[in-house]
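Worksheet: the structure to be examined is printed underneath.
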Amino acid sequence: MSGHTVPADFSEHMLDLDEDEDLEVFTKNTSLPDGSPMPNSPSSMVNQYRLEDDDEGQEAVNTKDIFVTVDHPESQVTAIETFVLYRVVTRTTRSDFDSSEYEVRRRYQDFVWLRSKLEEKHPTLIVHPLPEKFVMKGMVERFNDDFIETRRRALHRFLNKISEHPILSYSQHFQVFLTAQDLAPHRKQGPGFLSRVGETVRAVANSVRGLKSRPEEFAVMQEYVDDFSNKMCCMDKVTQRIVKEQRVSPVSVLSLISCVEYVDELKQYSPTYARWGELEEELTEPLKGMASCVVQCSKEAEEHIQHLSEVLVPALHEYVLCAETLKAVMRRRDNIQAEFEAKNEALLTRKVEQEALQEEVDVLADRMEQANNSLKGDWLRWQRSMKTDLRSAFISAAEKNVEYYEKCLAVWESFLVSQRADSSGGQEDVA
Amino acid sequence: MIIETKSADPNQTIFSALSCACAENRQQSTLPAQLTAAAAAVLWQPITMADSVSSEEVAVISNTDITSTESENNIINTMVERGTALLRKLEINVAEAEKRTGKNTVNMQETYTVYLIEIRPAETEGGTPAAPDTLWRRYSEFELLRTYLLVTYPYIIIPPLPEKRAEFVWHKLSADNLDPDFVERRRVGLENFLLRVASHPVLSNDKIFFLFLTEEKGWRDAVLETGFQDKADSRLKSLSAMFRVKNPDKRFTALKQYSDELNTVISQLLRIRARVADRLYGVYKVHGNYGRVFSEWSAIEKEMGDGLQSAGHHMDTYAASIDDILEEEEHFADQLKEYLFYTDAVRSVCRKHELIQYELEMAAQDLVQKKQQKEELATGTVRIFSLKGMTSKLFGQESPEQKESRLAALEQSIQEGEETVKEKNTECQEFVRAAWDDIERFKEQKDKDLREALISYAIMQISMCKKGIQVWSNAKECFSKM
């Protein structure tokens, strides 16, 4: 796939409209990356997959029969709007797919549609979150240059998480998303907007009524979710539409920003040492050496920063969003229980319509049991997945740190060697 | 040993030959340093090329694990081994600092710091070090000593004192003069100053300096008795005056320019360093936040808990390590600062030369004028406008007797003028010779010291990298076990 034509003032036009809210991307000078294509072959995808996961990966690798990639973002300009289209490539051996290979183009809204459909169908399954619609206004601007690349990676991860999910990956909506050349006709079907309103209303009503009691295991789960969400937010702030600047300290972003500021100052050394070197005679060599060392170390630091922003920060970010997802899942489960309890109470108090009510109660009871079981099952899967993902992100970050220090060490050691060689070599001509 | 005299300066060759010959025996004894020192003491010549001949005399840093204090000692050892008569006899330390309160000159209570100077006889083979003689000095006394040296040896680049007030600070360092870190660094700087003076071929022989080290009470009077302050006042007045030299000495002009540029460059470096230190501090401390979050997070996890907890500890260790790192870096900054202040001393010597040159030019000009006046008077021609000439034109010639007496007076004046010019000329030549000797010595010292400083900076960076590798390797292991 070839390159992209980006209008110079692309960023200004970049709106990602959703039915609910008007969304703005607070970016400046967004430029498209030179489409670094994700590996296309199944084998290389398998290798990549293996690197990411551990125990869970091992089973899945053996049974994985569907591979999805998201790449080649291209901007589309129409009369009304400008948006980005991503290429989604699917390779599969599954029988319920007509073909073994598909290539479609999807925009962010399409992903949103898919996710909402999945949540609708499976209210108590943990559906991986999407990258957000906006970028925090206070974010260091240089990261906004990679906004699309970051989003692309997150969308890629999203589809992969879905395809790995034992239940969700067999969803009909998922299949349609991956295969239909034109998604529009499919998107018009189904409850959509109205059903979400209904859900919200019910949720409010139920929260007013209050839950009788949460089963023990879900109470524990709720507590964990609250705490986990808390911790993730400490490490990374969920991006919201910023009304005023919030000075919460997200550690991962802070550490990135502090690294960037450090490197900016560090670079100032080099021209000064070079200038000094020109002033001197005997000291020219070591001073020029210093200038060069600083330049090299700054480069290493920048690479390190790049890696952090590509691996650790997005990973932490994702799990902040996951925490929100978990909360939503817990709420939905609570709602289902609440509905059942409400009907059950009606059954117990009212004398008339016993049969009809009994039927409804049974349906709701089934629904509740199913919801609870789904959640219980998915909870374990999610925890394992979370552990794997965050562990690998932290390991990667630690490795990169070691690498950074090792490279700097080499730079300074070679400087030392050159200096000692100089001082011992230069004593030949003695009076 | 047959010593062949090759160059015009026999003394110089003797030094170098001796050093060479003894360098071969270097491994077995410390003879070379003592020989050069003894030779120097006898001949009272500045030690120039000779003793820098073999870098084997200089402590060679052979492993990278040397700490910066060891490296600092290496520089001090360099000075000691250079060997002046004084340092052969004495070991000098500024051992401690203490706070005192007392009444100052305007009878107000003030708090100040005093520094303990320890003098002990230089180590003898196999003997136990004797108890030191000690006295206390405050910073202002050091300043007085330095001013005395500045005035008394205008052709010497006088070593600078550590800064009066903390400059180029980054946010953590207190700019307060009573802050213990500042006091400690000043103590080191004062010791360095004393050693620099003690290892200087000219300054080390100064009586007042010796008294500074040995005579606590009577020193101030002794300094004032030298009457240096009178010279100081007049010199200072002239220095601040604006004057222009007609034929500036190109070498001094170049040196002044170099000195100014060096000043600019080092100032800039120090400013950058302060900002970089500030940022680096931020980077490390932010990681401390990771430690805290991991620790809290570990409380809610079952499987990941232990891994997170121990990783958190390593993050804390990492965050804490910045304090030591920056303290070591402070030492590098101090080395740069010394040479920053040295540029002022160099500039001062250049200015003094300018002054002497100017005085010489003035004297010469004055002499020329007088000679012309005499000629006019003798021949009766008025070539230059003068009041006397005009009045004689208007009011008639003066009498032959008057003319005679005036001529005689002028003769006298001319003779005196010629003496003055000769004196000034000699003074100027002496100054230039002595100054350039010291400038050459200084240049070598500077090159060596700064090279050492850069090397120890590299060593410090290496140490910092090694710590980083260790911490993050440990963290990685913890994460792996999660």
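Throughout, read-outs are computed from the coordinates displayed, never taken from laboratory work. No experiment lies behind these values; they were computed from the predicted model shown. Glycine also receives a Cβ, built like all others from the backbone with ideal geometry; neighbour counts cover every protein chain displayed.
Structure notes:
- Two-site FRET efficiency, B:Lys403 against B:Arg433, from Cβ-Cβ distance with R₀ of 41 Å, rounded to 0.05: 0.40
- Sites A:Asp362 and A:Asp182 - FRET efficiency at Förster radius 41 Å, r taken between beta-carbons, to 0.05: 0.50
- Lysine pairs with alpha-carbon atoms under 22 Å apart, the range A:63-181, spacing 8 or more or separate chains: 5
- Distance violations [Cα-Cα > 30 Å] among B:Lys103/B:Lys164; A:Lys267/B:Lys250; B:Lys443/B:Lys466: A:Lys267/B:Lys250; B:Lys443/B:Lys466
- The three principal axes of the Cα atoms in the range A:225-421 give end-to-end lengths of 106, 36, 18 Å, sorted in falling order.
- Qualifying GluC sites (Glu not before Pro) for the range B:251-323 [loop in DSSP, other Cβ within 10 Å: at most 13]: B:Glu303
- Contour minus Cα-Cα distance for B:Glu375 and B:Glu167 (0.36 nm per residue): 68.8 nm
- For the range A:219-230, 3J(HN,Hα) computed residue by residue from phi via the Karplus equation (6.51, -1.76, 1.60; θ = phi - 60°) reads 5, 4, 4, 4, 4, 4, 4, 4, 5, 4, 4, 3 Hz, glycine and proline entered as x.
- Extension gain, A:Val417 back to A:Leu348 (0.36 nm per residue minus Cα-Cα distance, nm): 16.0 nm
- Residue-count net charge about B:Ser267 - beta-carbon cut-off 10 Å; Lys, Arg +1, Asp, Glu -1: +1
- A simple spin-label model places pseudo-atoms 7 Å from Cα toward Cβ; at B:Ala232 and A:Glu324 they are separated by 7.2 nm.
- If R0 equals 56 Å, the separation of the Cβ atoms of A:Thr93 and B:His313 corresponds to a calculated FRET efficiency of about 0.75.
- Spatially proximal lysines relative to A:Lys351 (Cα-Cα < 29 Å; intrachain offsets below 8 disregarded): A:Lys212, A:Lys343
- Taking the Cα centre of the range A:63-181 as origin and assigning +1 to Lys and Arg Cβ atoms and -1 to Asp and Glu Cβ atoms, the resulting dipole is close to 220 debye.
- Those residues of the range A:94-137 whose amide nitrogen sits under 20 Å from the label point placed on A:Tyr170, 7 Å along Cα→Cβ: A:94-100, A:115, A:117-128
- Stretchable slack from B:Tyr258 to B:Leu224, in nm (0.36 nm times residue separation minus alpha-carbon distance): 8.8 nm
- The ranking of B:Glu359, B:Glu167 by Cβ neighbour count inside 10 Å, starting from the fewest, reads B:Glu167, B:Glu359.
- Look at the stretch A:389-395: the mean tally of other chain Cβ atoms within 10 Å of its residues' Cβ atoms is 5.
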